[in-house]
Amino acid sequence: MESETIFMEVSEQLLHDSNKFRAIQPVESDSNPEWKDQITMRGLVVSTMLGSLFCIIIHKLNLTTGIIPSLNVAAGLLGFFFIQSWTGFLSKLGFRVTPFTRQENTVIQTCVVACYTLALTGGFGSYLIAMDEKTYELTGANHPGNRAQDVKNPSLGWMTVFLFVVSFGGIFTLVPLRKVMIMDYKLTYPSGTATAMLINSLQTKTGAELARKQVRSLAKYLSISFVWSCFKWFFSGIGDSCGFDNFPSFGLTLFKNTFYFDFGLTYVGCGLICPRIVVCSVLLGGIISWGLLWPFISQQAGDWYPADLGSNDFKGLYGYKVFIAIALILGDGLYNLIKIIGMTLKEIYNNISKRSNLPVVKEVLNGESSEELMEQRKRDEVFLKDRIPTWLAGSGYLVLGALSVATLPIIFPPFKWYLVLFSYILAPILAFCNSYGTGLTDCSLLFTYGKIGLFVIASLIGSDGGVIGGLASCGVMMSIIGTAGELMQDFKTGYLTLSSPKSMFVSQLVGTAMGCVIAPLTFWLFWTAFDIGAPDGPYKAPHAVIFREMAILGTEGFSKFPKHCLALCGGFFMAALVINLLRDVIPKRISRFIPIPMAMAIPFYIGSYFAIDLFVGTMILYIWEQVNRKDAEDYAGAVASGLMCGDGIWTIPSAILSIFKVNPPICMYFGPSLSS
């Protein structure tokens, strides 16, 4: 789950150098288990447990700020730990157990990632929640294009059916191209390669020992995070102004402008594994917006906009926040879309040229290159052994498309059958572009492609139902494109771990089926326990309003903006294009300090408090690297995963207490001192 989108699913990108891969070959026999033996019952049990945990974490991140780091490393480590513990325990009891192989570890990791990916692509913090009544009310009943008819509240039933209908399409989309993408074009897929290297290293003696230490570190910080979250709950009182989450770390004046450390260990953990430029970009965006821009615009109340408007009225300051954030997001997305498509077309042309002009002379191989060639031949042999029939992929996609054409118009009446069909015709083309671009750069433009579907369908439908139809089309695009991209990453991982493509394909199917059930259920836990979407609550679902407003823009255009808002949006849109251009043309030693516009946009609407959490995490990592770089490289990911998992696990008892109306006993509140 790795991208530079509004949701900032940040890839850890470990060990990019492919030469290091050869140095971490696992110690095991030359024989590989059959594809059926790579999928085990114990692996499915562990996958279900980890998939549920990670879905909760993704929902928590998605409904608060939307910055989501890669959890692939945690999935691989925890899968290794649980199965090794399982086999070790049974061995001590005298039972004969099947050895744990890297192929089984790969299947578990694939299954877990496929499961929790649906918590992201399922739209529980974006397009689906943008349809609900609260988002409609926040957008404003009198807001042009925001109609009461364009409301569909979440329901466990229709959300589950929707995911089952649309989420499997991506698995069948690019299967016929797996040999071309992995073997012929030799695309890197850095995240898939990094995952494979991790799994391979766990099967060495030194790697297994390091993995045990990493898991102990993960468990330690998971416990600390869980206990701290429990401790914080006792002081959080009733309402949204109590507790450590509202601690005015830098004084009350800065607190009012959202500059404070809220002791959120989840985002401290994110700061440990997010690229430093992402964290600094988020903080810079917070300073520009909440430190400079919003205070300036607030002073223009009564001139630029009426002074007596509510805090969530689009005709006032709230409109500036949302539309300028959208402008930055669209500028960054458009630039990267054009860039990735250009790189993809160029690389395809180069590959075709190379294949048509291959030299006839064979090189004489030395011992080392001969050994490497044998390794590659073995990987090629395993990858081509268990073929997935093209007819199966094609017929599977056609059946799912027909099912969607029949079902989706019932769930979303404005989303007519011919528009569903158009989405299913367009999606494979975009899925190929996204998967090829991800293979080159590890940068997924999933949400950019989703917004293409949103704008196109919303504009085709018009004001009469275009909001719901556009958001539904966004969901179809994101589900198909996201699943297809994940499968190709998994094929790369399987290729490098000598895992069967058929086991990868089946584990992706199983993981997706799990996600279709687990993702809605875990979201429903949040929905029933907390006030999702409340602007002043902990689960603001901030991107719901942004997605709904984008759908309205698709149907209505830029109408009735606040004064100077359109000019500011145009300025920030152009700034996003220029900043991205500078990042590409300036030498790397300088461009690595240039901020990322997409990351800068996130605090424009949400606030800067989480940027402080992220910055604390990245500073801890920086100091750790100065003291002991090797330890930081070995354990930072485990510590970060532990902090996020512990906080995520606490969400379950917290939600249960909330459902049963058990309130925290103490309200810790901070205010100005009383004058004598």
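The set of residues in segment 10-34 that are open to solvent by 60 Å² or more (accessible area, probe 1.4 Å) and at pLDDT 85 or above contains only Glu34. Scanning segment 488-508 for residues that are in contact with a Lys or Arg (Cβ under 6 Å, 6 or more places away or on another chain) and in a helix (DSSP H, G or I), we see that the one that is most open to solvent (accessible area, probe 1.4 Å) is Tyr495.
On the given criteria, is Pro520 under 23 Å from the mean Cα position of the chain (by Cα), at pLDDT 90 or above and closer than 18 Å to Asn336 by Cα? Considered against the rule, which asks whether it is under 23 Å from the mean Cα position of the chain (by Cα), at pLDDT 90 or above and closer than 18 Å to Asn336 by Cα, Pro520 comes out as no. Looking at the structure I just gave you, is Leu328 touching a residue at least 12 places away in the same chain (Cβ under 8 Å), in a helix (DSSP H, G or I) and open to solvent by 50 Å² or more (accessible area, probe 1.4 Å)? Considered against the rule, which asks whether it is touching a residue at least 12 places away in the same chain (Cβ under 8 Å), in a helix (DSSP H, G or I) and open to solvent by 50 Å² or more (accessible area, probe 1.4 Å), Leu328 comes out as no. For segment 374-414, filtering for residues that are of a type in the set (Asp, Glu) and in contact with a Pro (Cβ under 9 Å, 6 or more places away or on another chain) leaves 1. Of all the residues in segment 35-62, those that are open to solvent by 10 Å² or more (accessible area, probe 1.4 Å), more than 30 Å from Ala544 (Cα to Cα) and outside any loop (DSSP other than H, G, I, E, B) number 7. Looking at segment 174-186, is at least one residue open to solvent by less than 30 Å² (accessible area, probe 1.4 Å), more than 29 Å from Tyr424 (Cβ to Cβ) and in a helix (DSSP H, G or I)? No: segment 174-186 contains no residue that is open to solvent by less than 30 Å² (accessible area, probe 1.4 Å), more than 29 Å from Tyr424 (Cβ to Cβ) and in a helix (DSSP H, G or I).
In a residue-by-residue description of segment 289-312, the property of being under 19 Å from Pro562 (Cβ atoms), buried (at least 18 other Cβ atoms within 10 Å of the Cβ) and under 26 Å from the mean Cα position of the chain (by Cα) applies to at least one position. Condition first: within 23 Å of Ile171 (Cα to Cα), surrounded by 14 or more Cβ atoms within 10 Å (Cβ to Cβ), small (Gly, Ala, Ser) and at pLDDT below 85. Can you find one or more residues in segment 422-438 that meet it? Yes, the conditions are met somewhere in segment 422-438. Please work out if Tyr669 is under 22 Å from Gly76 (Cβ atoms) and of a type in the set (Phe, Trp, Tyr). The answer is no for Tyr669. None of Tyr260, Tyr335 is in contact (Cβ under 8 Å) with a residue 40 or more places away in the chain, out of contact with any strand residue (DSSP E or B) (no Cβ under 9 Å at 6 or more places or on another chain), in a loop (DSSP other than H, G, I, E, B) and among the hydroxyl-bearing types (Ser, Thr, Tyr) except Tyr260.
Scanning segment 413-428 for residues that are aromatic (Phe, Trp, Tyr) and part of a helix (DSSP H, G or I) gives Trp417, Tyr418, Phe422, Tyr424. One residue alone among Gly533, Gly485, Gly462, Gly511 is more than 16 Å from Phe164 (Cβ to Cβ) and surrounded by 24 or more Cβ atoms within 10 Å (Cβ to Cβ), and that residue is Gly485. Within segment 561-576, residues that are touching a residue at least 60 places away in the same chain (Cβ under 8 Å) and loosely packed, with under 14 Cβ neighbours inside 10 Å sit with their Cβ atoms under 8 Å from residues that are assigned to a helix (DSSP H, G or I) and not hydrophobic (A, V, I, L, M, F, W, C), at 6+ positions apart or across chains, in these pairs: Met574/Gly331. Within segment 130-153, the only residue that satisfies the criterion of being of a type in the set (Gly, Ala, Ser), more than 19 Å from Ile461 (Cβ to Cβ) and buried (at least 16 other Cβ atoms within 10 Å of the Cβ) is Gly140.
The values are calculated or read from the model by the stated rules, or taken from the named source; none is laboratory data. None of the values given here were measured: they were computed from a predicted structure. Please note: Cβ atoms are built from the backbone with ideal geometry, for glycine as well, and neighbour counts cover all protein chains shown. To get the accessible areas, we keep the full protein, side chains included, count just its heavy atoms, and leave off ligands, DNA and RNA. Shrake-Rupley method; radii C 1.70, N 1.55, O 1.52, S 1.80 Å.
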